[in-house]
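Single-structure report; data block below.
Read the figures in this text as sums done on the coordinates, not as results from a lab. Keep in mind it's a predicted model, so treat the numbers as computed, not measured. Heads up, the Cβs are rebuilt from the backbone with ideal geometry, glycines too, and the neighbour counts pull from every protein chain shown.
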Amino acid sequence: MLVARTAEELADRVRPGCVLVPTMGALHAGHAELIGLAREHAQRAGLEVVASVFVNPAQFNQRLDFDRYPRDLETDARQAHAAGADAVYAPAVSEVYPAGVPSGEMALPGLASGKGLEDEGRPGHFEGVVRVLHRLYELTRCGAAVFGEKDWQQLLLACETAPVGVEILPAPIVRDPDGLAMSSRNVHLGADARRRALAIPRAIEAAHASPTVGQAEAAMREVLLTEGLEISYATVRDAESLERLPDARTDRPGARVLVTAIVDGVRLLDNGPWAG
Ligand code: AMP
């Protein structure tokens, strides 16, 4: 299994047009799903699958979160290979950002600001995401990239900002058997926090069982607060524009439930179509 530390090493083994799965490592079955989907897509076109492992300093707005992000490249490489990747690309920060880690404002599509979602809780986050994606596309010379629906706003942003020649492929959310969406950050949850975190998928179920947007949002708050979770947002939005919907709305197609809550300092995201 090739672990390329530079774009040059990668180019020796992987042809232009490869299918990229961008990750920050600490791979789990959610990432494996993305790699499997990339494999299917790549096979049809006779291309390779590259999983990138890069903990992107530009998208963390809290130093502690960046420092304690789990890192284990050897295990990641084994898992990526088992899931169907042909190569892992794990560049140094200096290769991705030769002029230093960028910061500051950049123009982003409307769905990345003023929405009170990930754009609000994490200022500068999406600038960092867009910057790293463009660098990873360039460095890997990929023709497609796979993103998880788990990070719904990020997926929409990836679609909006994809350069010509890079196709964006969405992958469904993978959950543990108890319903919690898999996340690299779940390793930080103690047993009690893990149990309380289940309020997040339960809140989404409560939204499904509610007839209006306003009632769905109230029901989610109640479930999350009962378990003592700190709510970043628990809302029903237009699935594409992420705009707020009227409280009285009952019409479900095109609406998406989005929840982010903090459990014992661990920030967990989840979402799904407003079904039921
Ligand atoms: P991360 O390593 O957390 O930055 O995630 C890398 C990619 O994996 C992103 O496109 C995520 O949306 C996706 N991902 C993470 N967790 C899951 C999951 N449980 N199900 C599906 N995709 C996921």
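Is segment 164-229 rounded, prolate or oblate when judged by the Cα gyration tensor, a ≥ b ≥ c being the square roots of its eigenvalues, rounded requiring a/c under 1.5 and prolate requiring a/b larger than b/c?
Oblate is the answer for segment 164-229, as a/c is 1.5 or above yet b/c matches or exceeds a/b.
Would you mind getting the Kirkwood hydrodynamic radius of segment 126-258 from its Cα pairs, rounded to one decimal in Å?
Evaluated on segment 126-258, it is 16.7 Å.
Pairs of alpha-carbon atoms within less than 8 angstrom and 6+ residues apart define the contacts here; what relative contact order does segment 170-240 have, in percent?
For segment 170-240, the relative contact order is 22 percent.
Which order do Phe66, Phe147, Phe54 fall in if you start with the one that has the fewest other Cβ atoms within 10 Å?
With the fewest neighbours first, Phe66, Phe147, Phe54 line up as Phe66, Phe54, Phe147.
Shape call for segment 64-117 from the C-alpha gyration tensor, a ≥ b ≥ c root eigenvalues: rounded (a/c under 1.5), prolate (a/b greater than b/c) or oblate?
Prolate, since a/c reaches 1.5 and a/b exceeds b/c.
In what sequence do Val266, Val129 fall when counting other Cβ within 10 Å, fewest first?
Val266, Val129
Would you list Val257, Val166, Val187 from fewest to most Cβ contacts within 10 Å?
Result, fewest neighbours first: Val187, Val166, Val257.
How large are Rg and Dmax for segment 1-115 when calculated on the C-alpha trace, in angstrom?
15.4, 43
5 Å is the cut-off here: which amide hydrogens, built 1.01 Å from N in the peptide plane, fall below it relative to Ala144, excluding neighbours closer than 5 in sequence?
Leu20, Glu167
Return the FRET efficiency for the residue pair Ala191, Glu40: r is the Cβ-Cβ distance, R0 is 41 Å, and the value is rounded to the nearest 0.05.
0.65
Calculate, for Glu138 and Glu74, the FRET efficiency according to 1/(1 + (r/R0)^6) with r their C-beta to C-beta distance and R0 25 Å; round to the nearest 0.05.
0.40
Just to be sure I understand: of the beta bridges DSSP finds with both ends in the chain, what percent are antiparallel, rounded to 5?
In the chain, approximately 50 percent of DSSP beta bridges are antiparallel ones.
Rounded to the nearest 500 deg cm²/dmol, what is the calculated helix-only ellipticity per residue at 222 nm for the chain, with -39500 (n - 2.57) per DSSP H run of length n ≥ 4?
After summing the helix terms and dividing by residue count, I get -11000 deg cm²/dmol.
For the chain, find the longest principal axis of its Cα atoms and tell me its angle to the long axis of helix 29-45, 0 to 90°, nearest 10.
For helix 29-45, the angle is close to 50 degrees.
For the chain, what are the per-bin percents of Cα-Cα distances with bins 5 Å wide, up to the bin holding the maximum?
Bin by bin from 0 Å, the calculated values are 1, 6, 12, 16, 18, 17, 13, 9, 5, 2, 0, 0.
If you average the sequence gap of Cα pairs under 8 Å that are 6 or more apart and divide by the length of segment 144-270, what percent do you get for the contact order?
Relative contact order for segment 144-270 comes out at 23 percent.
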